[in-house]
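Okay, so here's the structure we're looking at.
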Amino acid sequence: MVDKLYLVNPRGFCAGVEMAIKALSWMLKIYDETIYCYHEIVHNKWIVSKFEDHNVVFFDDPTEIPENSVVMLSAHGTAPDVENKFNSISSLTINSVCPLVTKVHHEAKKYTTNGAEVIYVGHKGHDEALGALGVSPDKMHLVENIEDVDKLEIEGDAALLAQTTLSLSEWEPIMNYSQDKYENLLMPRKSDLCYATTNRQSAIVEILDEVDAVVVVGSDNSSNTKALVNMVKNKGCEAHRIDNVNELKNLNLPKNIAVTAGASAPDHLVFQIIESLNPKKLIEFKHKDEEKYFPLPKELRNNVSTISDFLINLCDSENKPEIKQGIKNDKDWSATEALSSL
Ligand code: SF4
């Protein structure tokens, strides 16, 4: 029985995830046909399955989709040559990459165009890392730890970039080591670690002294969720990642706990867990407010009339004014509402 449960803020959806979920939801409203989404739109099992139930097919190999499909590219970013391929084989490609990932792509392009080699700190095989490394595959080196940096032999200028969802404890030792190894190491003025990842980690660290364990809601392939779990464990506290309420039965939780969620975990899953735990006392703990908003992909905003005209037979024409108006007022619509509207 849980006595005291701290519900941590901020948690759950970040601005990039909000934008990507809404963008895909709008696509489903505009088209009757299947939407092919390159990689999971965001790394959360419940969300992926919800979209799969509504005519979205997720795929990893561009050769798997029929020609002239309507394609969505995920929030994690896509390598430029892969995006070009989609532009040539699809009837329409909308890129819902998070602007903070795009920032890293721009930095990679700038550094490598100016002749530097880039040390990219990230997780091997993660969609975001694959997309970023695709900006300049010959001049970028993926590193996961200090030993990887040690093995590098960069003769000229070296630059350091990062996957946005790393934890500070993953990033800082590699950054310090790289700065020692390469005296004039180039780095962006503003850190690549995104505000949402950092805020969720800072919030949980702030409450750790009050609790004996932390439950992190999120999927096992969500990098920022794993970073939250690692951060808590590194501070010496018990931490458990669960996807949903059904996984609670595997846990033997202490009396005082905190609950948080990775940036792609829907809040209704958090509340189902709290309801099931039925704590004697529920305390809202707020680290800070988040007000960031990322607009929908510009192709979706700019081309909605053209898109509708182009595929007029595939659209419900009566919905067109509603769709245009909705996209214009997108800021007032949440991803949670978008998911409920499917
Ligand atoms: S976690 Fe950060 S980088 Fe990733 S989608 Fe959210 S805001 Fe963008």
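Before moving on, here are some points about what is shown:
Quick grid of which residues meet (1) buried (at least 23 other Cβ atoms within 10 Å of the Cβ); (2) on the phi > 0 side of the Ramachandran plot; (3) hydrophobic (A, V, I, L, M, F, W, C); (4) under 17 Å from the mean Cα position of the chain (by Cα):
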{"residue": "Ile65", "(1), (2), (3), (4)": "no, no, yes, no"}
{"residue": "Ala75", "(1), (2), (3), (4)": "yes, no, yes, yes"}
{"residue": "Thr112", "(1), (2), (3), (4)": "no, no, no, no"}
{"residue": "Val121", "(1), (2), (3), (4)": "yes, no, yes, yes"}
{"residue": "Gly125", "(1), (2), (3), (4)": "no, yes, no, yes"}
{"residue": "Gly131", "(1), (2), (3), (4)": "yes, no, no, yes"}
{"residue": "Met140", "(1), (2), (3), (4)": "no, no, yes, no"}
{"residue": "Trp171", "(1), (2), (3), (4)": "no, no, yes, no"}
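- Subset tally (residues that are in contact with a Lys or Arg (Cβ under 9 Å, 6 or more places away or on another chain), within 15 Å of the ligand (Cβ to nearest atom) and among the small types (Gly, Ala, Ser)) for the stretch 221-266: 6
- Looking across the stretch 149-171 at every residue that is in a loop (DSSP other than H, G, I, E, B) and in contact (Cβ under 8 Å) with a residue 60 or more places away in the chain, the one that is farthest from Glu128 (Cα to Cα) is identified as Ser167.
- Cβ pairs under 8 Å, 6+ apart, first in the stretch 263-284 and outside any strand (DSSP E or B), second among the aromatic types (Phe, Trp, Tyr) and within 16 Å of the ligand (Cβ to nearest atom): Ala263/Phe13; Ser264/Phe13; Ala265/Phe13; Pro266/Phe13; Asp267/Phe13
- For the stretch 1-28, a residue qualifies if it is closer than 21 Å to Pro254 by Cα and either within 12 Å of the ligand (Cβ to nearest atom) or touching a helix residue (DSSP H, G or I) at 6+ places or on another chain (Cβ under 6 Å) (or both), and the qualifying residues are Val2, Tyr6, Val8.
- From the options Val48, Val121, Val56, residue that is away from the ligand (no atom under 16 Å from the Cβ) and at pLDDT 95 or above: Val56
- A single entry from Gln201, Gln179 fulfils the requirement of being surrounded by fewer than 19 Cβ atoms within 10 Å (Cβ to Cβ), in contact with a Leu (Cβ under 9 Å, 6 or more places away or on another chain) and part of a helix (DSSP H, G or I): Gln179.
- Within the stretch 126-176, tally of residues that are of a type in the set (S, T, N, Q) and more than 25 Å from Ser222 (Cβ to Cβ): 2
For every residue, the table says whether it meets (1) away from the ligand (no atom under 16 Å from the Cβ); (2) of a type in the set (D, E, K, R); (3) over 18 Å from Cys194 (Cβ atoms); (4) at pLDDT below 95.
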position: Leu92; (1), (2), (3), (4): yes, no, yes, yes
position: Leu100; (1), (2), (3), (4): no, no, no, no
position: Glu107; (1), (2), (3), (4): no, yes, no, no
position: Glu117; (1), (2), (3), (4): yes, yes, yes, no
position: His126; (1), (2), (3), (4): no, no, no, yes
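- Residues that are in contact (Cβ under 8 Å) with a residue 60 or more places away in the chain, within 16 Å of the ligand (Cβ to nearest atom) and not aromatic (Phe, Trp, Tyr), drawn from the stretch 191-214: Asp192, Cys194, Ala196, Thr197, Asn199, Arg200, Ser202, Ala203, Ile204
- Taking the stretch 267-292 as the range and being touching a helix residue (DSSP H, G or I) at 6+ places or on another chain (Cβ under 6 Å) and within 15 Å of the ligand (Cβ to nearest atom) as the test, only Lys292 passes.
- Single condition Val216 does not satisfy, out of (1) under 19 Å from the mean Cα position of the chain (by Cα); (2) part of a loop (DSSP other than H, G, I, E, B): (2)
- Check on Glu291, within 27 Å of Ser25 (Cβ to Cβ), surrounded by fewer than 20 Cβ atoms within 10 Å (Cβ to Cβ) and at pLDDT below 95: yes
- Close Cβ contacts (under 6 Å, 6 or more residues apart or on different chains) running from residues in the stretch 46-62 that are assigned by TED's automatic domain parsing to the domain that holds Glu33 and part of a loop (DSSP other than H, G, I, E, B) to residues that are surrounded by 14 or more Cβ atoms within 10 Å (Cβ to Cβ) and among the polar types (S, T, N, Q) comprise Asn55/Thr34.
- Met231, sole failed condition from (1) under 15 Å from Gly262 (Cα atoms); (2) in contact with a strand residue (DSSP E or B) (Cβ under 8 Å, 6 or more places away or on another chain); (3) surrounded by 19 or more Cβ atoms within 10 Å (Cβ to Cβ): (2)
The values are calculated or read from the model by the stated rules, or taken from the named source; none is laboratory data. No experiment lies behind these values; they were computed from the predicted model shown. All Cβ positions, even for glycine, are placed from backbone atoms using ideal geometry, and neighbour counts span all protein chains on display.
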